[in-house]
Amino acid sequence: MSESQLWDDVDAYFRAHLSSDDEVLRAALRDSEAAGLPPIAVTAAQGKLLRLLAEIQGARTVLEIGTLGGYSTIWMARALPADGRLVSLEYSARHAEVAVRNIARAGLEQIVEVRVGPALESLPKLADENPAPFDLVFIDADKAGTARYVEWALRLTSTGSLIVVDNVVRGGRVLDADGADPDVRGIRDAVELIGRHPRLSGTAVQTVGGKGYDGFALARVLA
Ligand code: SAH
Ligand code: DHB
Ligand code: MG
């Protein structure tokens, strides 16, 4: 058995016993695929991790950058109280449309707001609204923008908030330090910003499984 097959099989085992994904989540993936969206949502095990992190945070507010079909959105929104709020930013109107339908089927339309447009345009508008600080920020959009999204996350959070960044390993490409690939540059800038920022305490977790070899960075906002 190849190593990656083994990772997939172990992921399937954890999914079966731990992830508690359900028909609504599976339907969100099915409809995303049917609409031609790329199959790059977090795995069920990762979605459950995001939900647990939101619960551990006691989160009432979540900001997501990169909605796709709303799969990770649904996982996190389920951690929120009925009067909670999740704002998810998505570049593609087509992706957002699929996401809005998936979110409505999950009964989360009162909690979740999907905003269409480039995140770097949506974020200043959001900041101008002076929203309550976000308890959790999940960054999962274009990788080239990742460091700028961490900077925005810092402006939109407060002490104790958690920032989670997807795709910080990308099969090890994070080590390509020559600077040619803007996606790698964006991820490395984000990792190094987290590492040196006086208001952030961070780490990264390498992951294998349904999405190959990748990882999350996690950063807690300090005073
Ligand atoms: N979080 C999703 C996956 C997101 S995939 C999940 O796990 O279910 C990345 C998404 O970011 C795509 O839908 C893509 O259209 C979007 N995206 C790309 N560039 C963006 C930008 N500049 N602003 C906002 N969203 C962007
Ligand atoms: C890609 C983007 C993601 O957010 C992800 O989790 C996996 C792959 C991509 O753009 O290829
Ligand atoms: Mg991702």
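A few notes on this one:
- Packing-based ranking of 47-59, 115-127, 169-181 yields 47-59, 115-127, 169-181, ordered from highest to lowest mean Cβ neighbour count within 10 Å.
- Shape class of the chain from the alpha-carbon gyration tensor: rounded, with the ratio a/c of largest to smallest axis under 1.5.
- Hz values of 3J(HN,Hα) by residue in the range 86-100 - Karplus curve (6.51, -1.76, 1.60), Gly and Pro given as x: 10, 9, 10, 9, 9, 5, 8, 4, 5, 4, 4, 4, 4, 4, 4
- Here's the list of lysines a cross-link from Lys125 could span, going by alpha-carbon distance under 24 Å and ignoring same-chain residues fewer than 8 apart: Lys143.
- Close amide H contacts of Gly117 (hydrogens built in the peptide plane, cut-off under 5 Å, sequence separation of 5 or more or a different chain): Glu90, Tyr91, Ser92.
Laboratory data are not the source of any read-out in this text; all were calculated from the coordinates shown. Quick caveat: nothing in here was measured; it's all calculated off a predicted structure. Backbone-built Cβ (ideal geometry, glycine too); neighbour counts: all protein chains shown.
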